[in-house]
1. Over the C-alpha atoms of the chain, what are the Rg and the largest Cα-to-Cα span, Dmax, in Å?
2. Sort 108-120, 52-64 for me by packing, meaning the mean count of neighbouring Cβ atoms within 10 Å per residue, highest on top.
3. Please express the Cα-Cα pair-distance distribution P(r) of the stretch 89-154 as a list of whole percents, one per 10 Å bin, running from 0 to the bin with the greatest distance.
4. Would you mind getting me the FRET efficiency between residue 215 and residue 53? Use the beta-carbon distance for r and R0 = 51 Å, nearest 0.05.
5. Which three extents, in angstrom, do the Cα atoms of the stretch 129-269 have along their principal axes, listed largest first?
6. For the chain, what does -39500 (n - 2.57) per DSSP helix run (n ≥ 4), summed and divided by total residues, give at 222 nm, in deg cm²/dmol to the nearest 500?
7. Can you bin the stretch 46-136 into rounded, prolate or oblate? Criterion: square roots of the alpha carbon gyration tensor eigenvalues sorted a ≥ b ≥ c, rounded for a/c under 1.5, prolate for a/b above b/c, oblate for the rest.
8. Return the whole-Å distance between the Cα centroid of the stretch 113-166 and the Cα centroid of the stretch 212-286.
């Protein structure tokens with residue numbers, strides 16, 4: 001039994017044990033991403049407190065993710081052209097500057113909702129160029145063999161922060177105000193920036209770059225052509241597009257759910273943290289597998305859809321939290337495996353562009369999905385929004401299972 005536990009531990013944390021650069025990055029992320037989740041929760045509550053409108057929170061989602069829709073494919077081209085470490089240093093510094101501005105606005109006491117929208121749009125601009133470069137940098141830190149493990153561990157940080165960040169944010173909002181959340185997030189960026197500056201660049205995995213670069217639009221078309229021509233990539237992107245747009249809208253749904261439960265920011269933070277706790281469990285389970293699995297992706301998508309449907313009729317905090325925990329666990333199973341499958345399928349010179357397609361699928365239609373979910377909540381309450389989220393996930397799991405049965409072979 002003890003030998004089995006030791007082997008499980010070695011598999012779960014393999015990329016951390018073997019790669020110093022990834023240990024540095026991982027440590028910086030542990031600190032920084034918690035601040036990011038505090039800011040995400042604070043932004044949603046800030047807008048809802050200013051307007052008392054679910055639609056206004058949906059418009060916030062539009063502002064945060066509109067840059068993904070407009071620029072993410074070009075961000076993927078940039079990630080395939082430039083030094084990804086330097087790119088991420090630049091985008092993280094820009095995100096820090098936006099957080100400082102949000103803190104100043106909140107503490108001023110005279111904030112207007114349009115000002116929050118502008119800063120959310122700027123944060124989205126920094127994020128859209130950060131994401132493909134950051135994901136591609138992880139490949140350079142650990143190489144192909146440990147990539148699924150590293151992605152799962154990064155996802156565990158992201159989702160552990162869903163537990164810590166929203167919980168702290170709820171307490172800070174209730175006791176001090178949203179400005180404190182923005183200020184803490186600004187400070188947290190120093191951790192990841194320090195980690196990036198301390199990396200040994202000689203230890204980064206070299207990647208092949210294209211010898212001949214076509215025009216910017218030509219490089220975008222090259223990435224799109226690869227995605228269309230590969231069945232595995234095509235099916236994963238479709239699944240992520242539908243479930244990401246209609247199923248992953250916690251920033252819109254959960255503030256209103258807390259209000260429907262006759263609760264305040266503390267319960268909003270609790271519900272967000274519960275989803276994050278489940279997602280953390282899913283990430284650790286994925287890391288222990290050490291491989292990308294089509295079967296686990298489908299299990300996760302099916303479980304996510306079922307859990308969201310089960311949340312819909314609940315009327316108590318405890319019941320909502322229980323099913324959100326399950327939804328979070330299954331969310332990570334399908335999201336981490338979809339990321340790994342795409343990266344392992346893509347050749348080096350197209351990895352940034354394939355990642356940009358993944359990010360577009362995940363967030364690119366959020367400017368449509370966020371306001372749509374906000375409108376649905378106004379029409380039929382959060383029940384209708386959860387039903388759409390769950391039903392769309394179950395439908396995509398069924399379509400993916402039938403469309404790509406030959407893609408069930410695990411990748412390493």
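Values quoted throughout were computed directly from the atomic coordinates according to the rules given, and no laboratory measurement underlies them. Remember, predicted model here, so these are calculated numbers, not experimental data. So basically every Cβ, Gly included, is an ideal-geometry build from the backbone, and we count neighbours across all protein chains shown.
1. When restricted to Cα atoms, the chain yields Rg and Dmax of 20.1, 60 Å.
2. On the way: 108-120: 14.7, 52-64: 21.3.
Highest mean packing first, the order is 52-64, 108-120.
3. 19, 35, 25, 15, 6, 0
4. Here the calculated transfer efficiency is 0.75.
5. 58, 39, 30
6. Value at 222 nm, helices only, nearest 500: -29000 deg cm²/dmol.
7. Since a/c reaches 1.5 but b/c is at least a/b, the shape of the stretch 46-136 is classed as oblate.
8. Taking the Cα centre of the stretch 212-286 as reference, the centre of the stretch 113-166 is 12 Å away.
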